[in-house]
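The values are calculated or read from the model by the stated rules, or taken from the named source; none is laboratory data. Everything numeric here is computed off the predicted structure, so don't read it as measured data. Methodologically, a virtual Cβ is constructed for each residue, glycine included, from the backbone with ideal geometry; neighbour enumeration extends over all protein chains shown. We work out accessible area using only protein heavy atoms, side chains counted, and drop any ligands, DNA or RNA first. Shrake-Rupley method; radii C 1.70, N 1.55, O 1.52, S 1.80 Å.
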Amino acid sequence: MNTLELLAHPVRLRIVHAMRGGRELTTASLCARIPDASKAMIYRHVDLLAASGILEVAGERRVRGAVERRYRLRQDRVTVDADAVATLTLDDHRRVFATSMAVLVAEFGAYLDRENADPVADLVGYRQHAVWLSHEELTEMIVGLRRAILPLLANQPAPDRAQYLLSPIFFPVEHPPATPETD
């Protein structure tokens, strides 16, 4: 199974999100973080991600006779390259996008279900903007967003930091007309 196929599953993608930032988590910690998925499902997907090399064992310890493993994310293994994306069919894009949206809905629901959820204080945002851009302007905007976001991806968990899910999504809602429209 390639990286895209591995990540195109809602539970596996949520596990990857939870592991970002150099975190080391046990499967039990992941179960607590993703309470709407069964423990068996979390264990199954952790095993699959570990077997594929996306997760690696960071440490082990004995707990009541069983071995408890802490896992960490292998950042170098969770990137889907442009060549892989170029091979996707339209139905593949539809499936991957639906998975991404399912993860967003599930993560937002899990956030709202927390006892201390406070969307105003947490500066929660889910705005959508329709902007008119040329291909060059779109490219410039993406470069600018990457310039702003990429350095933040190296941030590690800290007492004063909360993990936020940031999901930029770009697609044209219509193509430019063949000739300029006049009103």
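Annotations for the structure displayed:
- Residues of segment 148-165 that are outside any helix (DSSP H, G or I) and either free of Cβ contacts under 8 Å to residues at least 12 places away in the same chain or surrounded by 10 or more Cβ atoms within 10 Å (Cβ to Cβ) (or both): ASN155, PRO157, ALA158, PRO159, ASP160, ARG161, GLN163, TYR164, LEU165.
- Among (1) open to solvent by 90 Å² or more (accessible area, probe 1.4 Å); (2) over 20 Å from the mean Cα position of the chain (by Cα); (3) among the polar types (S, T, N, Q), the one test that THR79 misses: (2)
- If only residues of segment 5-50 that are open to solvent by 20 Å² or more (accessible area, probe 1.4 Å) and polar (S, T, N, Q) are counted, the one that is farthest from ALA162 (Cα to Cα) is SER38.
- Scanning segment 94-147 for residues that are open to solvent by 60 Å² or more (accessible area, probe 1.4 Å), under 30 Å from PRO176 (Cβ atoms) and among the hydrophobic types (A, V, I, L, M, F, W, C), we see that the one that is nearest to the chain's Cα centre (by Cα) is PHE97.
- Any hit, segment 48-66, residues being farther than 18 Å from LEU6 by Cβ and assigned to a loop (DSSP other than H, G, I, E, B): yes
- Screening the candidates GLY65, GLY53 for the property of being farther than 30 Å from TYR126 by Cβ, small (Gly, Ala, Ser), more than 18 Å from the chain's Cα centre (by Cα) and open to solvent by less than 70 Å² (accessible area, probe 1.4 Å) yields one hit, GLY65.
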